[in-house]
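Below is one structure, written out as structure tokens; comments come after it.
Values in this text are rule-based calculations from the coordinates and carry no lab data. Everything quoted here is computed from the prediction, not taken from an experiment. Heads up, the Cβs are rebuilt from the backbone with ideal geometry, glycines too, and the neighbour counts pull from every protein chain shown.
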Amino acid sequence: MDLRKPFWQWVWLIALAFIWGSSFFLIKKGLISYSPPQIAAYRMLFAAILVSPIAYKNIRKITRKNYIYLLEVAFIGNLIPSYLFAVGQTQVSSSLAGILNAITPIFTLIVGVSLFKSKVTFVNLIGLFLGLVGSGGLILKNGWQIDDDIAYTLLIVLAGIMYAFNLNTIKYLLQDIGGAALTAIAFVFTLPVTIGYLLIFGYEPVAHTEIASLSLLYIFILAFFSSALAVIGFNILVKYTSTIFAASVTYIIPVFAIIWGVFDGESVTLAQLLWLLVIVLGIHLVNKTKKKKPFG
């Protein structure tokens, strides 16, 4: 496989989308036997153990000024969103959670412009508007009770906002650290919290079903593929392509999230697919670069 060739770059991109698209399905399976905090704790614990050799190799290269930003990546970019997704999916389908995750680049643009003075074009602003309209349509036009499922949906949106802060922190404040090393060290930083939580509040399944062991296996698969392997794969893709091309994986993740959801018996409405198209168009315009006439 030669990643210098466009064909294999697209194969790699779709493979990443497939892995990340499955994470919502895996969370759903983990919720059968484990609570949302347990899923988040186990996910970070397993991921930290898997990438600990990389962290050990690179930890001495980290300067003091970077530690505060690495802690932000560890908790704002990983641990807390993992918890929010797990809680949100107690009431929100895995396919819809995957769709909502697609609005992360929109929040990334907002954070980048407002806090880091990144440039934005008029086309980007159109994309921002379309993305917000599409996400609003998904949230409010699915027949949900405003005082019921909307709260769980907004937890997933909040996770997307945290991912946006995380991406901007990595881009603007941690450029001197390699992606694999950064991710590994951030995961290891969560170990005291995850181990402490499991020891204090319980590591055994909250629902003692016959498939409790299988649920834990799903969480391990989630940690291995979605939290460790996919991030390393993403950084490899960035090395051989542009960051814009690599970021386009976000366009494809909702498609695989829907496919995994349908595979698990979830229904997808025509309205959801239409709002998804609006979001994808918005994200495409948000990521579109144009050197002429910058705004902001």
- Query: In nm, to one decimal, how far is the modelled label at residue 126 from the one at residue 32, with both set 7 Å along Cα→Cβ?
  - Reply: 4.7
- Task: Provide, for q = 0.13, 0.15, 0.16 Å⁻¹, the log10 of I(q)/I(0) from a solvent-free Debye sum over equal Cα point scatterers in the stretch 6-286.
- Result: -0.88, -1.19, -1.36
- Note on the structure: Relative contact order of the chain (C-alpha contacts under 8 Å, at least 6 apart) in percent is 43
- FRET efficiency for residue 212 and residue 91, using Cβ-Cβ distance with R0 set to 25 Å, rounded to 0.05: 0.70
- Given R₀ = 22 Å, FRET efficiency for residue 114-residue 175 by Cβ-Cβ distance, to 0.05? 0.65
- XL table 29/61; 5/171; 5/61; Cα-Cα > 29 Å flagged, in table order, is 29/61; 5/61
- Task: Could I have the simple spin-label model distance between residue 8 and residue 240, label points 7 Å from Cα toward Cβ, reported in nm to one decimal?
- Result: 0.5
- Message: Through the Karplus equation 6.51 cos²θ - 1.76 cosθ + 1.60, θ set to phi - 60°, convert the phi angles of the stretch 21-36 into ³J(HN,Hα) values in whole Hz; use x for Gly and Pro.
- Response: x, 7, 4, 5, 5, 5, 4, 4, 5, x, 5, 4, 10, 10, 6, x
- Note on the structure: Residue separation between residue 204 and residue 133 times 0.36 nm, minus their alpha-carbon distance, gives in nm 21.4 nm
- Note on the structure: With the charge dipole of the chain built from beta-carbon charges (+1 for Lys and Arg, -1 for Asp and Glu) about the Cα centre, the Cα from 24, 282, 223 projecting farthest to the positive end belongs to 282
- Query: Roughly how many whole Å is it from the C-alpha centroid of the stretch 11-77 to that of the stretch 104-120?
  - Reply: 23
- Query: If amide H atoms are built 1.01 Å from N in the plane of the peptide, which residues on other chains or at least 5 residues away come under 5 Å of the amide H of residue 120?
  - Reply: 295
- Item | Residue-by-residue Karplus 3J(HN,Hα) for the stretch 113-130, coefficients 6.51, -1.76, 1.60, Hz, glycine and proline x | 6, 6, 10, 10, 6, 6, 7, 9, 9, 4, 5, 4, 5, 4, x, 4, 4, 5
- Note on the structure: Given 51-61, 37-47, 108-118, 23-33, the highest-first ranking by average Cβ count within 10 Å works out to 37-47, 23-33, 108-118, 51-61
